[in-house]
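Let me begin by presenting the structure, written as structure tokens, before commenting on it.
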Amino acid sequence: MGPRNTLGNTDIEASGLCLGANTFGWTSDRDTSFEVLDAYRAAGGNFLDTADSYSAWVDGNSGGESETILGEWLAARGTRDDVVVATKVSQHPEFKGLSGTNVAAAAEASLRRLQAEHIDLYYAHFDDEQTPLEETVGAFEDLVRAGKIRAVGLSNYTPERIREWFEIARRTGASLPVALQPHYNLVHRRDFEAGKSELARQERLAVMPYFALASGFLAGKYRRREDLEGAARAGMAGKYFSESGVRVLETLDEIAHRLEVEMPTVALAWLRTRPQILAPIASARTTEQLPALLAGAQLELSAQDADALTAVSDDMEN
Ligand code: NAP
């Protein structure tokens, strides 16, 4: 994989593909998850993204399955110090929201499942407007001071609330966030580009886009709606089947074919051409899906190809 990048002003060095762990305990069983993690490590990857709530949406799961599998793998391989573990708080069914007591309790539960003494990057997963933001910022700072988390990240916050977090952190002397995790990919650009991108530049936030493959849509395996039948991510990937969505796929296909790489590789490489992007987050259900993602951390697109993709995706509504 390509070179590692430093996360903000921390000493955390992370690889250019962040491996999403929401498949673990959902579409990948424990053994397959271990295989994916082993293959990712062997290829030089060190950056893992999970959340305490993964994968509570699956029948029979209660949340925490992904962290548990990750923790068992870290213990089995003895690799805790060689990897960067990012997890998130606010959505676990037993630990909803971002009140001070909840953040403290949820972090302990995550540490237990991860079989770890610290979390490298701890994200506020979704904003909690019922809790005063000062309380949440203070709870994260308590975790930093206790050595339980090394850095703070934000996901799914509006630009206004991100600004507010920074203002409170500066005023109270708390650690500033170093990472932003927005929903961002070739068929979903506005949320990040209209507001957060500029803010990320101003505040020097490292950006890790999630749904980097639009839930598999940009992998190019669904060419017609019917192809989605039976797919676990059909609901999410299916919403991009507009005329402009199909044109994005055609352009990806043309570039991938010419460069003799796979479509997901080009989709991830495009994200890396965008400002402030440190590492796209994508998940692999199997080891067979992984090489195309790893290649996306290395491929340097020409300005002409990047511009062609940007132009065709300008027509998308989201
Ligand atoms: P994604 O990365 O856009 O899509 C990944 C899915 O695409 C895989 O699970 C696989 O699904 C398919 N795929 C991957 N490589 C492929 C290949 N080479 N060929 C064909 N299909 C391929 O979506 P995601 O996994 O949902 O999101 C990535 C990560 O972002 C998550 O694991 C999570 O860590 C993070 N995330 C964060 C938030 C947040 O609120 N902060 C929200 C969502 C996700 P199938 O094989 O099942 O089709």
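A few points about this structure:
- Some residue of region 47-55 being crowded, with 20+ Cβ neighbours inside 10 Å, assigned to a helix (DSSP H, G or I) and either within 12 Å of the ligand (Cβ to nearest atom) or among the polar types (S, T, N, Q) (or both): no
- When the residues of region 271-282 are filtered to those that are near the ligand (Cβ under 9 Å from one of its atoms) and closer than 12 Å to Ser15 by Cβ, the one that is surrounded by the most Cβ atoms within 10 Å (Cβ to Cβ) is Pro280.
- Within region 283-303, being more than 8 Å from the ligand (Cβ to nearest atom) and either in contact with a Phe, Trp or Tyr (Cβ under 6 Å, 6 or more places away or on another chain) or part of a loop (DSSP other than H, G, I, E, B) (or both) holds for Ala297, Gln298, Leu299, Glu300, Leu301, Ser302.
Condition check ((1) modelled with pLDDT of 95 or more; (2) of a type outside the set (D, E, K, R); (3) touching a Ser or Thr at 6+ places or on another chain (Cβ under 8 Å)) across all residues:
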site	(1), (2), (3)
Arg112	yes, no, no
Phe126	yes, yes, yes
Ala139	yes, yes, yes
Val144	yes, yes, yes
Arg150	yes, no, yes
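Residues checked against (1) in contact with a helix residue (DSSP H, G or I) (Cβ under 6 Å, 6 or more places away or on another chain); (2) among the charged types (D, E, K, R); (3) farther than 22 Å from Cys18 by Cβ; (4) without any contact (Cβ under 8 Å) to a residue 12 or more places away in the chain:
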{"position": "Glu193", "(1), (2), (3), (4)": "no, yes, no, yes"}
{"position": "Ser197", "(1), (2), (3), (4)": "no, no, no, no"}
{"position": "Gln202", "(1), (2), (3), (4)": "no, no, yes, yes"}
{"position": "Tyr210", "(1), (2), (3), (4)": "no, no, no, no"}
{"position": "Met236", "(1), (2), (3), (4)": "yes, no, no, no"}
{"position": "Ala256", "(1), (2), (3), (4)": "yes, no, no, no"}
{"position": "Leu271", "(1), (2), (3), (4)": "no, no, no, no"}
{"position": "Leu278", "(1), (2), (3), (4)": "no, no, no, no"}
{"position": "Ile281", "(1), (2), (3), (4)": "no, no, no, no"}
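Here is a yes/no grid of residues against (1) of a type in the set (Ser, Thr, Tyr); (2) under 19 Å from Ser15 (Cβ atoms); (3) assigned to a loop (DSSP other than H, G, I, E, B):
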site	(1), (2), (3)
Thr251	yes, no, no
Glu254	no, no, no
Arg258	no, no, no
Pro264	no, yes, no
Ala269	no, yes, no
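- Considering (1) assigned to a loop (DSSP other than H, G, I, E, B); (2) away from the ligand (no atom under 16 Å from the Cβ), the lone condition that Asp38 does not fulfil carries the number (1).
- Of Phe241, Phe211, all but one fail to be of a type outside the set (D, E, K, R) and under 18 Å from the mean Cα position of the chain (by Cα); the exception is Phe211.
- Residue check for Ala306: assigned to a helix (DSSP H, G or I) and away from the ligand (no atom under 13 Å from the Cβ): yes
The values are calculated or read from the model by the stated rules, or taken from the named source; none is laboratory data. Not measured: the values here are computed from a predicted model. Cβ sites come from the backbone with ideal geometry, for glycine too, and all protein chains shown count toward neighbours.
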